[in-house]
Amino acid sequence: MIKKECLDIVQSKCESCQDCVLGKTRNNVVFSDGNPETARIVLIGEAPGETEDETGKPFVGRAGKLLNQFLEEAGISRQEDLYIINTVKCRPPENRVPTDVEKALCERYMTAQIDIMNPKAIIFCGATSLKSFWGDKKVQISKVRGNWFSVNVNGKEYKAMAIFHPSYLLRNHSMEEGSPRRLMQHDLSVIKAEILGDKQVCSTGSFNQELAMV
Ligand code: URA
């Protein structure tokens, strides 16, 4: 099966999911954006906000527009190079941080997406997604961002990097040397050079339908 067919199976399950309270208040499940057949990077944000809940697409509000600017400047194509997802697929009321229970109940959709995509790298955009995969929850994004590390998803190791969340950059406008915006430019340029430097495609990964659907 091609990636899109496998992802469609997961998406249709996700769209009828009522496992946690977020299912009661969402307008739309926000499953993904990007072309799964060409994307070599999975970028994981936190959770949908108001505009994402209205449109069903991740990172389309103010933060998403700023992310687009940084991606464009780094020469990373949002539609071709990235498959964008969130740790939870439904909007938490008032944009609060998703709870551990909500993240745990939604995790199987995210790990199925990663399994299927079999990406060259995973980018954790912000602290919430980073903490979902980093054993020590006290990890600080400002300490680990910009460095490659390895994460294990369903028994497979992936190259990974954390970057700042664009909402944080919306509150930090400085372009001084060492500022969060300058560090974001730096991190994306490393990702572009080291992951997207060649044209190699990623094959479809293993997809354990039973594991994803229980
Ligand atoms: N912030 C996120 O983390 N994800 C989105 O989709 C939008 C805003």
From (1) farther than 21 Å from residue 168 by Cβ; (2) in contact with a Cys (Cβ under 7 Å, 6 or more places away or on another chain), pick out the condition that doesn't hold for residue 88. (1)
Out of 52, 72, 46, I need the residue that is surrounded by fewer than 20 Cβ atoms within 10 Å (Cβ to Cβ) and either at pLDDT 95 or above or not hydrophobic (A, V, I, L, M, F, W, C) (or both). Which one? 72
If I filter the range 48-69 down to residues being within 6 Å of the ligand (Cβ to nearest atom) and part of a helix (DSSP H, G or I), which single residue comes out as farthest from residue 126 (Cα to Cα)? 52
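With respect to residue 109, is the statement that it is surrounded by fewer than 20 Cβ atoms within 10 Å (Cβ to Cβ), among the aromatic types (Phe, Trp, Tyr), within 17 Å of the chain's Cα centre (by Cα) and not in a strand (DSSP E or B) true?
Judged against the criteria, residue 109 is not a match.
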Exactly one condition in (1) among the hydroxyl-bearing types (Ser, Thr, Tyr); (2) closer than 18 Å to residue 75 by Cβ; (3) within 16 Å of the chain's Cα centre (by Cα) is not met by residue 189; state its number. (3)
Within the range 119-155, which residues are polar (S, T, N, Q) and in a helix (DSSP H, G or I)? 128, 129, 132, 142
Look through the range 84-98, keep the residues that are free of Cβ contacts under 8 Å to residues at least 60 places away in the same chain and in a loop (DSSP other than H, G, I, E, B), and return whichever of them is surrounded by the most Cβ atoms within 10 Å (Cβ to Cβ). 87
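The values are calculated or read from the model by the stated rules, or taken from the named source; none is laboratory data. What you are looking at is a predicted structure, and each value in this text was computed from that prediction instead of being measured. Because the Cβ atoms are built from the backbone with ideal geometry, glycine has one as well, and the counts that use them run over all protein chains shown.
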